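**Student:** Below: one structure in structure tokens.
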Amino acid sequence: SQQGEEDPQALSIQEGENATMNCSYKTSINNLQWYRQNSGRGLVHLILIRSNEREKHSGRLRVTLDTSKKSSSLLITASRAADTASYFCATDTSGNTPLVFGKGTRLSVIA
Amino acid sequence: GAVVSQHPSWVICKSGTSVKIECRSLDFQATTMFWYRQFPKQSLMLMATSNEGSKATYEQGVEKDKFLINHASLTLSTLTVTSAHPEDSSFYICSARDIYVNTEAFFGQGTRLTVV
């Protein structure tokens, strides 16, 4: 069953602007991960944040996690046209359970 | 990082035929693998959890007799779509986890199945 909900469902911004996507989930989690998917292609792992972490950075990506609100956000700074893709959050409840994906945010970065 | 290889990357088959998709973990032992399905403009939906040496666990609404899963070794799981119909056309993705390391799940490249 779908656990996560992302918002917005679609986001269109100009190149150079920042993009923020939010994800909410329903149950306690072990890890929360963000993935990118270009149209018709496989998943690209972006970042993993553990349940005891609050913030993580990787390049132009910044992820926050608020377990009290059961929510996470992904910030992409200084966006580029190549960032155009769908972005999904996914959660698990332990190290050997499946990831449950949110509905995703379709990001369009206009050059 | 760990690699999961999925094959084929795309397949076109006639209605009524069966298609087998392979998922291999190349550099770690995956006691558990997961199969997902993704329809256009939608998210990934878990179909089943595949455990090495035992029967797969299917999610509600997924027909186990239609989607046969075999996980005979620690590095290989297969999904066979039997008697495929056009409504089975979708993107199928496998995932594997190394249960001894609490890290990201690793995904195959996905298989685009088109049933004509």
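**Student:** So which residues in the range A:22-55 are more than 12 Å from every other protein chain (Cβ to nearest Cβ), part of a loop (DSSP other than H, G, I, E, B) and not hydroxyl-bearing (Ser, Thr, Tyr)? Before you say what the answer is, go through the steps one by one.
**Tutor:** At the first step, the residues of the range A:22-55 found to be more than 12 Å from every other protein chain (Cβ to nearest Cβ) are A:22, A:24-29, A:53-55.
Applying the additional criterion that residues be part of a loop (DSSP other than H, G, I, E, B) yields A:25-29, A:53-54.
Those that are more than 12 Å from every other protein chain (Cβ to nearest Cβ), part of a loop (DSSP other than H, G, I, E, B) and not hydroxyl-bearing (Ser, Thr, Tyr): A:Lys26, A:Ile29, A:Glu53, A:Arg54.
**Student:** Here's a follow-up. Give the residue that is nearest to the other protein chains (Cβ to nearest Cβ), with candidates limited to residues of the range A:1-16 that are modelled with pLDDT of 90 or more and surrounded by 15 or more Cβ atoms within 10 Å (Cβ to Cβ).
**Tutor:** A:Leu11
**Student:** Let me ask something else about it. Within the range B:9-28, does at least one residue satisfy the condition of being assigned to a loop (DSSP other than H, G, I, E, B), more than 22 Å from A:Asn30 (Cβ to Cβ), over 14 Å from the mean Cα position of the chain (by Cα) and within 12 Å of another protein chain (Cβ to nearest Cβ)? Please lay out each step first, then the result.
**Tutor:** First, the residues of the range B:9-28 that are assigned to a loop (DSSP other than H, G, I, E, B): B:9, B:14-18, B:26-28.
Within this subset, residues satisfying the condition of being more than 22 Å from A:Asn30 (Cβ to Cβ) are B:9, B:14-18, B:26-27.
Retained after the next criterion (residues that are over 14 Å from the mean Cα position of the chain (by Cα)): B:14-18, B:26-27.
Retained after the next criterion (residues that are within 12 Å of another protein chain (Cβ to nearest Cβ)): none.
The answer is no, given that none of the residues of the range B:9-28 is assigned to a loop (DSSP other than H, G, I, E, B), more than 22 Å from A:Asn30 (Cβ to Cβ), over 14 Å from the mean Cα position of the chain (by Cα) and within 12 Å of another protein chain (Cβ to nearest Cβ).
**Student:** Does B:Ile69 qualify as being closer than 24 Å to B:Val115 by Cβ and crowded, with 20+ Cβ neighbours inside 10 Å?
**Tutor:** Numbers: closer than 24 Å to B:Val115 by Cβ: yes; crowded, with 20+ Cβ neighbours inside 10 Å: yes.
Yes, satisfied.
**Student:** Do we have any residue at all in the range A:56-76 that's surrounded by 15 or more Cβ atoms within 10 Å (Cβ to Cβ), part of a loop (DSSP other than H, G, I, E, B), within 14 Å of another protein chain (Cβ to nearest Cβ) and not β-branched (Val, Ile, Thr)?
**Tutor:** No.
**Student:** Sticking with this one: How many residues are polar (S, T, N, Q), under 22 Å from A:Leu99 (Cβ atoms) and touching a strand residue (DSSP E or B) at 6+ places or on another chain (Cβ under 6 Å) when one looks only at the range B:11-69? Give the derivation first.
**Tutor:** At the first step, the residues of the range B:11-69 found to be polar (S, T, N, Q) are B:15, B:17-18, B:25, B:29, B:31-32, B:38, B:42-43, B:49-51, B:54, B:57, B:60.
This time we only want the ones that are under 22 Å from A:Leu99 (Cβ atoms), so: B:25, B:29, B:31-32, B:38, B:42-43, B:49-51, B:54, B:57, B:60.
When the remaining residues are screened for being touching a strand residue (DSSP E or B) at 6+ places or on another chain (Cβ under 6 Å), the result is B:25, B:32, B:38, B:43, B:49-51, B:57.
Counting residues in the range B:11-69 that are polar (S, T, N, Q), under 22 Å from A:Leu99 (Cβ atoms) and touching a strand residue (DSSP E or B) at 6+ places or on another chain (Cβ under 6 Å) gives 8.
**Student:** On to the next question. Looking at B:Pro86 and the list (1) over 25 Å from A:Gly95 (Cα atoms); (2) buried (at least 20 other Cβ atoms within 10 Å of the Cβ), which single condition is not satisfied?
**Tutor:** The number of the failed condition is (2).
**Student:** Being more than 18 Å from A:Pro8 (Cβ to Cβ) and surrounded by 16 or more Cβ atoms within 10 Å (Cβ to Cβ): is that true of A:Asp83 here? Outline the logic, then answer.
**Tutor:** On the way: more than 18 Å from A:Pro8 (Cβ to Cβ): no; surrounded by 16 or more Cβ atoms within 10 Å (Cβ to Cβ): yes.
Considered against the rule, which asks whether it is more than 18 Å from A:Pro8 (Cβ to Cβ) and surrounded by 16 or more Cβ atoms within 10 Å (Cβ to Cβ), A:Asp83 comes out as no.
**Student:** Then there is this: Report every pair of residues separated by at least 6 positions or lying on different chains whose Cβ atoms are under 9 Å apart, first residue within the range A:90-103 and at the interface with chain B (Cβ under 7 Å from one of its Cβ atoms) and without any contact (Cβ under 8 Å) to a residue 12 or more places away in the chain, second in a loop (DSSP other than H, G, I, E, B) and polar (S, T, N, Q).
**Tutor:** As it stands, the answer is A:Asn96/B:Thr31, since those pairs meet every condition given.
**Student:** Looking at the range A:1-21 only, could you name the residues that are touching a Ser or Thr at 6+ places or on another chain (Cβ under 9 Å) and in a loop (DSSP other than H, G, I, E, B)?
**Tutor:** The initial filter retains those residues of the range A:1-21 that are touching a Ser or Thr at 6+ places or on another chain (Cβ under 9 Å), namely A:2-21.
Scanning the range A:1-21 gives A:Gln2, A:Gln3, A:Gly4, A:Pro8, A:Gln9, A:Glu15, A:Gly16, A:Glu17, A:Asn18.
**Student:** Working only within the range B:92-111, note down all residues that are assigned to a strand (DSSP E or B) and either surrounded by fewer than 17 Cβ atoms within 10 Å (Cβ to Cβ) or in contact with a Pro (Cβ under 8 Å, 6 or more places away or on another chain) (or both).
**Tutor:** B:Ser95, B:Thr111
**Student:** Within the range B:64-91, which residues are assigned to a loop (DSSP other than H, G, I, E, B), without any contact (Cβ under 8 Å) to a residue 60 or more places away in the chain and farther than 28 Å from A:Asn30 by Cβ? Please lay out each step first, then the result.
**Tutor:** Going through the range B:64-91, the residues assigned to a loop (DSSP other than H, G, I, E, B) turn out to be B:64-66, B:74-75, B:82-85, B:89.
Subsequent filtering for residues that are without any contact (Cβ under 8 Å) to a residue 60 or more places away in the chain retains B:64-66, B:74-75, B:89.
Those that are assigned to a loop (DSSP other than H, G, I, E, B), without any contact (Cβ under 8 Å) to a residue 60 or more places away in the chain and farther than 28 Å from A:Asn30 by Cβ: B:Asp65, B:Lys66, B:Ser89.
The values are calculated or read from the model by the stated rules, or taken from the named source; none is laboratory data. Predicted model only: the values in this text are computed from it and were never measured. Cβ sites come from the backbone with ideal geometry, for glycine too, and all protein chains shown count toward neighbours.
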